[in-house]
1. In nm, give the distance between the simple-model label positions of Val271 and Leu257, each being 7 Å from the Cα along the Cα-to-Cβ direction.
2. What order do Phe304, Phe51 take when sorted by accessible area (1.4 Å probe), most exposed first?
3. Students often get this wrong, so check it: of Lys353/Lys457; Lys265/Lys449; Lys48/Lys240; Lys279/Lys457, which have C-alpha atoms separated by over 30 Å?
4. Just want to confirm a number: the relative contact order over region 18-137, from Cα pairs under 8 angstrom separated by 6+ residues, in percent.
5. Between Tyr222 and Arg264, what is the label-to-label distance in nm when each label sits 7 Å out along the Cα-to-Cβ direction?
6. Along the three principal axes, how long is region 18-137 when you take its alpha carbons, biggest first, rounded to the nearest angstrom?
7. Given the whole protein assembly as supplied and a 1.4 Å probe, what does the accessible area of Phe486 come to in Å², nearest 10?
8. Please compute the modelled spin-label separation between Thr557 and Leu373, points set 7 Å along Cα→Cβ, answer in nm with one decimal.
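The values are calculated or read from the model by the stated rules, or taken from the named source; none is laboratory data. All values reported here derive from a predicted model rather than from experimental measurement. Note that we place each Cβ from the backbone using ideal geometry, even for glycine, and neighbour counts take in every protein chain shown. Note: areas computed on protein heavy atoms with side chains; ligands, DNA, RNA excluded. Shrake-Rupley method; radii C 1.70, N 1.55, O 1.52, S 1.80 Å.
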Amino acid sequence: MFITGYAMMVGAAARLVLGYDSFGNICGRKNTPVKGAPLSGQDMTNKKFVFFLNPCSLDTQSLKISSLSLCVSSCPQEQLNSLEDLQSFARNNGSWLCIYNLNISSYTLNPKAAELCPTLPVPPSKSFPLFNRCVPQNPECYSKYASVLINMVNEMDVFHRILSGILAGRDTVIGLSVLALAFSFILVLVFRFIRTLLVHTLIALVVFGLLFVSGVLWWLYYDYRNDPSTELETEKENVKFLLGYAIFSTIVTVVLLSLILVLRKRLQFTVQLFRIVGKIIGRIPFLLFQPLWTFLILIVFWVFWVAVLLSLGTAGKYMLSMFLEECYLEFILACQQMTIAGAVVTCYFNRNKNSPPPHPILSSISVLFCYHLGTAVKGSFLITILRIPRIALLYLYNILKQKESACAKCLFKCCFCWFWCQENCLRYFNQHAYTATAINGTNFCTSAKDAVFILTKNSAKLASISCFGDFILFLGKVFVVCFTVFGGLMAFNYHRELQAWVVPLLLVGFFAYLMSHSFLSVFEVTADAMFLCFAIDMETNDGSDENPYFVDQELLTFVSQSNKLTEGQKHRSMRPFQDNEDGTELQPMV
């Protein structure tokens, strides 16, 4: 049932994009026979264009054109005045312009040829980019044809126009997705072997990308808005979306440039931070491949979820489906975070830094599935629960936005932002709770309490270091999105006609951010897990011969320098973690 529903949706969209003839065949595909349609089921792989037998006298009804249509391999670029011309065109170009069951040799012999072939004379035509129609170039025919086609497209609902644009530009979308994947992988290697010059280069590229993309978006908006040929509904939607993109891009550019200017003096500390994180990842090189299997699992899950959503579409159960989808998605991400945190904990609490423990990732996965799946479930469930009010507010706002006052709209937006901030704070503490679970082997609630205690006590030491590292990682994600979107702007702008390409561009940008986030999250989770391990190490040990630190000297020096610690502060004696009030002890995972 799921597959059938999905196939019906894709099939309908394919008919809109690829075009179809009057006998049930989709042009550009190998078709299966349709019962009751004798000329259906033909192989149209090489016949991608729709040709109307009477292109100068078209009429539409319920998004259908009344004239008979055929799938042809090429459109006649010169006027054909007689049946002999049609016969010659078919033999020279391999494109039959008469009904399929009429043999080429019978074009001039069959007495019914005039009824089975196009109305003469056949005007010269060219293929239309999106819907693959043969559009007549004769001025009189073109005006009538364009008028009918514009009315047909404008009658389509937004969903079909967007879906048609996505399917029409599917090759471009796939190519841009591969480009985003390549950018993300290159960026991972850059952060793995980062140096000061690379950081300066990255920031320069991000600044250039932000300014350039914003400028291109404003230029495209101005060009589309002042184009006198903008008549189609999809073109008007492109103008609206471009204005929104341009405004959003400009705001993001101003905010990020301001932050870069303010935080530029801490650049050297960032280089040292990623050098230390890179050393840990060097001991566990397979951490870099962790996002790949997570991404494959997410792809399988999303395909299944789309099928489920389609099956529930008529049952009014979108809310339940959305809730379950969010739970599963957060659970998959939680498993990735716990796997990375467990591997980092294993390496950090290893006395012999030159001999890392064998198979830390497999060990982390094994412990996760044997003992801590409940922790991942609880953490993901809490995030999903906190997301429900935000979704409900957004749904309510969309219903009442036409009736409510400006103050009510502002209140809705403030509440929405507040829940979004709460969700991200919970996500941050969940991540540290997973690390505490990997260290102590405790349940979710105990680990969350311990993590909050440690983070609160050491926030002054670690917050600035961690936040600036996260900011540089965010700039890396912006870099991937900017240059992928720029490639999309250049690619989609070459195919303006009838394409709702701004929505596919938004999907490409979202996918680029998702890919970069999946890969760079390895550095983010590794750094956060390392700092929590460091804080617990400082709490449970004093650096003496009896209780030596697990931390290596480079990390200790880095934290000390970044927070301007004195020599006495580095060797102070600290009370054990939570004073062992509830029996908590350090249990490095093995």
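1. Between Val271 and Leu257, the label points sit 2.5 nm apart.
2. In descending accessible area the options line up as Phe304, Phe51.
3. Lys265/Lys449; Lys48/Lys240, as the Cα separations exceed 30 Å there.
4. Answer for region 18-137 is 24 percent.
5. It works out to 2.8 nm between the two label points.
6. Between the extreme Cα coordinates on each principal axis of region 18-137 lie 32, 28, 26 Å.
7. Taking all protein chains as shown, Phe486 has close to 60 Å².
8. 4.6 nm
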